[in-house]
1. Exactly one condition in (1) outside any helix (DSSP H, G or I); (2) more than 10 Å from every other protein chain (Cβ to nearest Cβ); (3) surrounded by fewer than 24 Cβ atoms within 10 Å (Cβ to Cβ); (4) touching a residue at least 40 places away in the same chain (Cβ under 8 Å) is false for B:Asp327; which is it?
2. Need pairs with beta-carbon distance below 7 Å; first residue in contact (Cβ under 8 Å) with a residue 12 or more places away in the chain and within segment A:264-276, second surrounded by 17 or more Cβ atoms within 10 Å (Cβ to Cβ) and of a type in the set (Val, Ile, Thr); sequence gap 6+ or separate chains.
3. Given the condition under 23 Å from B:Pro565 (Cβ atoms), more than 34 Å from the chain's Cα centre (by Cα) and of a type outside the set (Ser, Thr, Tyr), answer yes or no: does some residue in segment B:496-513 qualify?
4. Within segment B:125-157, take every residue that is over 38 Å from the mean Cα position of the chain (by Cα), outside any loop (DSSP other than H, G, I, E, B) and not aliphatic (A, V, I, L, M) and give me the one that is farthest from the other protein chains (Cβ to nearest Cβ).
5. Output the number of the condition that A:Leu509 fails; it satisfies all remaining conditions of (1) assigned by TED's automatic domain parsing to the domain that holds A:Ala398; (2) buried (at least 22 other Cβ atoms within 10 Å of the Cβ); (3) outside any loop (DSSP other than H, G, I, E, B).
6. Return the residues of segment B:378-398 that are over 19 Å from the mean Cα position of the chain (by Cα) and part of a strand (DSSP E or B); say none if nothing qualifies.
7. Restricting the search to segment A:354-412, which residues are surrounded by 24 or more Cβ atoms within 10 Å (Cβ to Cβ) and in contact with an Asp or Glu (Cβ under 6 Å, 6 or more places away or on another chain)?
Protein chains: 2
Amino acid sequence: MTDPLVIFMPSGKRGHFPSGTPVLQAARALGVDLDSVCGGRGICSKCQVQPGSGSFPKLGVTVAPDALSAVNAVERRYDEKRGLKPGRRLGCQATVQGDVVIDVPPESQVHRQVVRKAASGRAIVMDPATRLHMVTVEEPDMDAPSGDLERLRAALADQWDLRDLAVPLALLRGLQAALRKGGWQVTVAVNHDENRISAIWPGLREAPVLGLAVDLGSTTIAAHLCDLSTGAVLASGGVMNPQIRFGEDLMSRVSYAMMNTGGDVEMTAAVREALDRLAVELAAEAGVPPGDILEAVIVCNPVMHHLLIGVDPVELGQAPFALATSDALRLGAEEIGLAALGPGARAYILPCIAGHVGADAAAVALSEAPDKTEALTLIVDVGTNAELLLGNRDRLLACSSPTGPAFEGAQISSGQRAAPGAIERVEIDPATKEPRFRVIGCDLWSDDPGFAAATEGTGITGICGSGIIEAVAEMRMAGIVDAKGLIGSAAQVGTPRCVAEGRTHGYLLWEDGDRRILVTQGDIRAIQLAKSALYAGARLLMDEAGVDGVERVVLAGAFGAHISPRHAMVLGMIPDAALDHVTSAGNAAGHGARMALCNRAARAHIEALVRRIEKVETAVAPRFQEHFVAANAIPHATDPFAHLAGTVTLPDVSFNTANEGRKRRRR
Amino acid sequence: MTDPLVIFMPSGKRGHFPSGTPVLQAARALGVDLDSVCGGRGICSKCQVQPGSGSFPKLGVTVAPDALSAVNAVERRYDEKRGLKPGRRLGCQATVQGDVVIDVPPESQVHRQVVRKAASGRAIVMDPATRLHMVTVEEPDMDAPSGDLERLRAALADQWDLRDLAVPLALLRGLQAALRKGGWQVTVAVNHDENRISAIWPGLREAPVLGLAVDLGSTTIAAHLCDLSTGAVLASGGVMNPQIRFGEDLMSRVSYAMMNTGGDVEMTAAVREALDRLAVELAAEAGVPPGDILEAVIVCNPVMHHLLIGVDPVELGQAPFALATSDALRLGAEEIGLAALGPGARAYILPCIAGHVGADAAAVALSEAPDKTEALTLIVDVGTNAELLLGNRDRLLACSSPTGPAFEGAQISSGQRAAPGAIERVEIDPATKEPRFRVIGCDLWSDDPGFAAATEGTGITGICGSGIIEAVAEMRMAGIVDAKGLIGSAAQVGTPRCVAEGRTHGYLLWEDGDRRILVTQGDIRAIQLAKSALYAGARLLMDEAGVDGVERVVLAGAFGAHISPRHAMVLGMIPDAALDHVTSAGNAAGHGARMALCNRAARAHIEALVRRIEKVETAVAPRFQEHFVAANAIPHATDPFAHLAGTVTLPDVSFNTANEGRKRRRR
């Protein structure tokens, strides 16, 4: 007589097992993804399964009512104390008695999928580095003395086949008390990425292990606090990077470090403290102790990277932009100031791609996975520095481009950060040249009834990055700005909104009494410089790849999420492509951090991928300047922008005047 | 024509090499022990060799004058700048041209022997864990960006075949500056025991790597500062263990931790600070920066061990005396408060044998190597707790015995620590019962002319541990004390030096006006208790080993160095053995620490040996009490002490009186 057949669903894995085999043991033998923390002691309930009954014609099995052993005392006690869903069994208690089909529900799978909320919808498959393992440790014996730690190690080897685990000194301090309090049973958190113990608790640990995914930007630090067993985000939040007081952008912070002895140390202390405080705040928001956080995954640009790990970023301020270290870093969380986390907590920092293309770009590559597509994809992470990735499964290129902060509203006459009251959307009627706009914090357009009342609280305070891009693009489409970027006069354009500003003109977007929001000629020039740099970077990558166009464009970054693809194209920020192939990826760097937090294979993947990425240095490429000059026109002096031409006809206006010409020559 | 024959002396290793092969390369190919830091660049001079000339009949070689290439420009420059001894060549520059015999002088050998100064004369073969490696690192290239660290790693792999080295964050901070200052050449200190970089300097590092061997005792902390290339001790010193203010002996410190919340933390801070300060002081004494110290090896008893690593020792105060960890520890020096050492410095703590038999006992085993002898050896490390090792190459047993501090002069009426003015040697004339003695700080006996003048500075202040042992033994030999430990009266003994002290008697060793130093009946009892515990421990090990005697007795410990074997035997502290087989090993624990510091194979050896050592727990052994009681007599109630009887005849006196009997019964 053959042994009973056991089929696990949804994997379909099957095998014959002797009658009496516990379901958990059968699952392990077949490599079925069935969780367990207590290792089969019937107390953690992680191995819950749902046996089927009746006929399964497709599987060729009929399951008898007694295919599993009857519910036993352990299961009954668990059901009484905690409650088991109807039909559910504990996989470690139920034994196989006959042919059976067993469903492993998602919550009993370690590698369950977590669906991403953001636009792209890519899911994260849970495979956290940190997992819990309960063990029973032998009691000390005077006649065969050995340390409690050595017996714990032996138990982990025996009961979980875990060997050579590193144990930080900080955990040794609490070990003896935990063992005695737990009656020689403890739950150990093991970081499998590093083969290292990161926490020890008495008895069965039921609270989830937490992790922090951090996107450490020059301006803001954003973090998600995640449950590492379910992947659920328990709290999200951000704080300003306190290094701003040392310099608005990266290069001014590098300068600060160069000009002030100990300046790098100050900045390191500032960012570490902010990061630690953010962890504490997110934990408080989620109602959990920050000490339960056992892992932090951090993505950041190279300057932030060096300042975080305590390395002076001075070399990043000058060619050849040498990183102190480019590989991924695995550190004690306390080594980078994350003192509020558990004493054994670890920090993983993604690898940097180059001196200007950091771990944040690596995280974008991880999130957007251009290496897994056929289509030639350009990924643009727009910020103070833009990082660009171009490629597909065959080849991947990267560069950064010094766009400056104009896209973030800086260097713009009425520019401001994206905050309530800032103009974020703009439309201009091509016939009347009249604008309408929306501000952050209000869903109405400025010509909708009730707009004035609705914006009374915030006021109309300025233009943010996406607003200025739309404004300039709309001005170009409405014939207010010509291809060279000149604003016409009231007479040339035919609207009194074009007002003289010295020798140039500005376009009056809004006024209320003596408060006015104008788009000035200087604003247009600032945007042209920024977009030329961005486009030139993209072109340089395309040269390197030997292509004239791209199939997909992905706009990444929190700011990228707010850019209208059509307007970006009109401006010539990005190469010409079919508009429906231009998508926003939201905070791709942050999502990449979360992937690396929740799935340890993602770490190995990005570490290997970064080695494959070819870096193109814009600062020394002779063609960069040439591309930069040609990209100054709106959308471009020479590139055809054929897709754009198919959807938008740009007015063929020219406002070049002797004045403007002379002025530019005199500069 | 065969290639030239190259023979290296003193190893005798030989091989044929093509004409033009550098001597260093030939040495490496043959596995000859020839040092090099610069890796053959002709700048470190570590590979100096001395070619022979003329006929070597025993080796069957005749060396022609041109057997090596002529002195080249690199060697000339080195000779001009630094000076080369006559006939010396740089092994990396001189190439083989004909048959040649090459002597590798001791200072060019990595594994040179360092002769031990102390009594046993055992040598240490140098094989330090930390060695220097100079590398040329590729300069950064924008087109193929990689971190400076990654290129350093590549250079170490290429030029020294060193791979997967760990690098602490603290060293990353100085890496970029070192590379640039050194013109892309740096010297790296690699801890080969841990495969980890522990320091990085620009260019060629010429100063030696330093290491600290620490014997961390309950009372004193002693350390040697060593040059890790030559093994030379640059400075030695000791400080009082500041934990003394929390309790004189180990158990009172454990009690302090139990009774006072945070008491263990206080004691940890105190010992770490003292250790760090000692390192600074020794460095100052040697005229070197403490930051040049890259390794510390520490031996200590289990309570000191736990307090040093920051673990509450409370479990060591009660059965089953469970250690938090027993294995050897490899830590960052800063993790145990050694902040003055180099930022990448490491600390190695030897393994503990059991809850009462610590890393200090392991160090004694390493130093005295009973596992390498045929003779059954008893090693006694006398201190507040005595640790005992018994065995030979076949088997090794260990136990500790709670002797208490009497052997250190504590609990003795006139007892004091070993310091100038303390009586350390005593002789009593068996006929006259008159004593003479010596005090620490003076080479004269008390009956020598000039003694009074010579001791004027120190005075005569008390009796130290070795003094009381000799005094009691001499009293026994002179018939002043009987086998049961009773001091006779003046009438019974026949000397007015036996003075009544209440119902008992004392022996007047010295008086000056109203200042007197007596050996009281209470002192005898205290010594009896201590020696009984020590002897009972030894007997327990002998029981376990199934023997009635031992072949060798080694007295270890700083105190052991001062105990006279004959007096120890008369007292019955140690089992009977031929007197010339009882030797002192000096500070064997400290020597073991130095061995583990200078020779990394010693670490592997002691780690393996500790696993082999069988532990015997005295606290729970039923026979311990029985042995203890029998050992109360001087020398012993039942054991024959045949060897002793052959050299010393102990007077058959008995001072038992009704008084003494009643008094003892009433207790």
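The values are calculated or read from the model by the stated rules, or taken from the named source; none is laboratory data. On a predicted model such as this, the values are computed, not experimentally measured, just so you know. Cβ: placed from backbone, ideal geometry, glycine included. Neighbour counts: every protein chain shown.
1. With respect to (1) outside any helix (DSSP H, G or I); (2) more than 10 Å from every other protein chain (Cβ to nearest Cβ); (3) surrounded by fewer than 24 Cβ atoms within 10 Å (Cβ to Cβ); (4) touching a residue at least 40 places away in the same chain (Cβ under 8 Å), B:Asp327 is out only on (2).
2. A:Arg272/A:Ile336; A:Ala274/A:Ile221; A:Leu275/A:Val214; A:Leu275/A:Ile221
3. Yes, that holds for at least one residue.
4. B:Thr136
5. So A:Leu509 meets the others, but not (1).
6. Selection gives B:Gly391, B:Asn392, B:Arg395, B:Leu396, B:Leu397.
7. Across segment A:354-412, the qualifying residues are A:Val357, A:Ala361, A:Val364, A:Ile379, A:Asp381, A:Glu387, A:Ser400, A:Ile412.
Results for (1) out of contact with any Asp or Glu (no Cβ under 7 Å at 6 or more places or on another chain); (2) under 23 Å from B:His356 (Cβ atoms); (3) not aliphatic (A, V, I, L, M), shown as yes or no for each residue.
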| position | (1), (2), (3) |
| --- | --- |
| B:Asp227 | yes, no, yes |
| B:Gln243 | yes, yes, yes |
| B:Val254 | yes, yes, no |
| B:Val265 | yes, no, no |
